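Novice: This is the structure I have questions about; it appears just below.
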Amino acid sequence: MSVLLKHIWRYPIKSHGREELFEIYLSKNATLPYDRCWAIAHEDSKADDNNWTECVNFSRGAKAPKLMAINASLDTSNEEVTLSHPELKNIVIHPEKNSDELINWVSPLMPANRSQSERVVRVAGRGMTDTDYPSVSINNISSHKAVESKLGHQLDSRRWRGNLWLEGGKPWEEFDWVGKTIVIGDCEIEIQEPIQRCSATTANPETGDRDIDTLSALKTWGHQDFGVYGRIVKSSKVKIGDRLSVL
């Protein structure tokens, strides 16, 4: 069976919403365009606009699960983002120009016992992914179905917050690609490492409520990983339906 690109997802503001795409141009040594372009630093953060910073410096779903229910839509012509959440009114903002409005909008979703959102960070030239190198995250639908089978019921795949979703392969075969290069369409991606998952995945993407122990399910396979990180080594546009090959 052929392995095909099934879904493309982008997360314009780190941990604050997702949008589905049908095609995107991926550039060598870059993140997916506008993916994690902005991030919201909390009051104890050491992040600034000059350098990549690890995820603990930002408001995120692992500590504030309600964030997992945000949807986003980015207008790249003016960099305005439309955000929606089941408990809030929709908002249309430019994350930097309207940063105070964004912080106020998201504040009801932040637990009182966690560091509160304070300011918006943007590092020129790259998205604030969870890796210190520009990466895209790649997930396998067959692995997702294996987790569903382990849990005994359906699971919303948006919990995993992946960029590229592949359909048609074997469960967990993506881990065999580490150290290899895969090709999607004409885009070449060097697979770097598995993605170790956090408690953000325990939250329902529809409600933001923690409802499934995804981490315990993963640990039954002897790891806490789902998906892999890749580095773009040959630029090209990718689109839904593109075929995968492994070099």
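Novice: Taking the alpha-carbon distance from LYS219 and a cut-off under 16 Å, which lysines remain once sequence neighbours fewer than 8 residues away in the same chain are dropped?
Specialist: Within reach: LYS145, LYS150.
Novice: In addition: Just tell me which lysines come within less than 23 Å, Cα to Cα, of LYS234; anything on the same chain fewer than 8 places away is out.
Specialist: LYS6, LYS28, LYS180
Novice: Suppose we keep just the DSSP beta bridges with both residues in region 8-130; what percent of those would be antiparallel, to 5?
Specialist: 95 percent
Novice: Given a Förster distance of 41 Å, report the FRET efficiency between LEU247 and TRP52 from their Cβ-Cβ distance, rounded to the nearest 0.05.
Specialist: 0.90
Novice: Next question. How much accessible area per residue does the chain have, counting only protein heavy atoms and a probe of 1.4 Å, in square angstrom?
Specialist: 45 Å²
Novice: Using only the heavy atoms of the protein chains and a 1.4 Å probe, how would LYS170, LYS150 rank by accessible area, largest first?
Specialist: Most to least solvent-accessible, the answer reads LYS170, LYS150.
Novice: What's the magnitude of the charge dipole for region 24-154 around its Cα centre, counting Lys and Arg as +1 and Asp and Glu as -1 at the beta-carbon? Answer in Debye, nearest 20.
Specialist: Magnitude of the dipole: close to 460 debye.
Novice: Tell me which GluC sites (Glu not before Pro) from region 1-69 have a DSSP coil assignment and no more than 15 other beta carbons within 10 Å of their own.
Specialist: Loop-located and lightly packed - GLU43, GLU54.
Novice: So if we plug the beta-carbon distance of TRP172 and GLU148 into 1/(1 + (r/R0)^6) with R0 = 22 Å, what FRET efficiency do we get, rounded to 0.05?
Specialist: After rounding to 0.05, the efficiency reads 0.95.
Novice: Using alpha-carbon pairs under 8 Å, 6+ residues apart, how would you state the relative contact order of the chain in percent?
Specialist: Answer for the chain is 28 percent.
Novice: Turning to a different aspect of this structure: Measure nothing but the geometry: give the 0 to 90° angle between the long axis through the Cα atoms of 141-151 and the longest principal axis through the Cα atoms of the chain, rounded to 10°.
Specialist: 80 degrees
Novice: Further question on the same structure: How large is the charge dipole for the chain, taken about the Cα centre, if only the Cβ atoms of Lys, Arg (+1) and Asp, Glu (-1) carry charge, to the nearest 20 debye?
Specialist: 340 debye
Novice: Would you work out which of ASN98, VAL121, LEU247 lies farthest towards the positive end of the dipole of region 94-247? Charges go on Cβ: Lys and Arg +1, Asp and Glu -1.
Specialist: LEU247
Novice: Please go through region 24-127 and write out the chymotrypsin sites (Phe, Trp or Tyr not before Pro) that DSSP classes as loop and that have at most 13 other C-beta atoms within 10 Å.
Specialist: Filter output for region 24-127: empty list.
Novice: Which trypsin sites (Lys or Arg not before Pro) does region 156-247 hold that lie in a coil by DSSP with at most 14 other beta carbons within 10 Å?
Specialist: Loop-located and lightly packed - LYS180.
Novice: Right, next: For region 101-242, which whole-number percentage of the solvent-accessible area (1.4 Å probe, protein heavy atoms only) is attributable to carbon and sulfur atoms?
Specialist: After summing per-atom areas, the C and S share lands at 43 percent.
Novice: Can you compute the label reach from THR181? Point 7 Å from Cα along the Cβ direction, backbone N cut-off under 18 Å, restricted to region 232-247.
Specialist: Correct set: 232-238, 243-247.
Novice: I'd like to know how the chain sits against the 2.2 N^0.38 Å rule of thumb: what's its Cα Rg over that expected value?
Specialist: Against the empirical 2.2 N^0.38 Å value, I get 0.97 for the chain.
Novice: Just how far, in whole angstrom, is region 69-141 from region 151-167 if you go by their alpha carbon centroids?
Specialist: 21 Å
Novice: Right, another one. Measure off 7 Å from each Cα along the Cα-to-Cβ vector at ILE91 and ALA124, then give the distance between these two points in nanometres to one decimal.
Specialist: 2.7 nm
The values are calculated or read from the model by the stated rules, or taken from the named source; none is laboratory data. Bear in mind the structure is a predicted one, so any value in this text is a computation, not a measurement. For neighbour counting, all protein chains shown are included, and Cβ atoms are generated from backbone atoms with ideal geometry for every residue, glycine included. Protein only, heavy atoms only, side chains kept; ligands, DNA and RNA dropped before computing areas. Shrake-Rupley method; radii C 1.70, N 1.55, O 1.52, S 1.80 Å.
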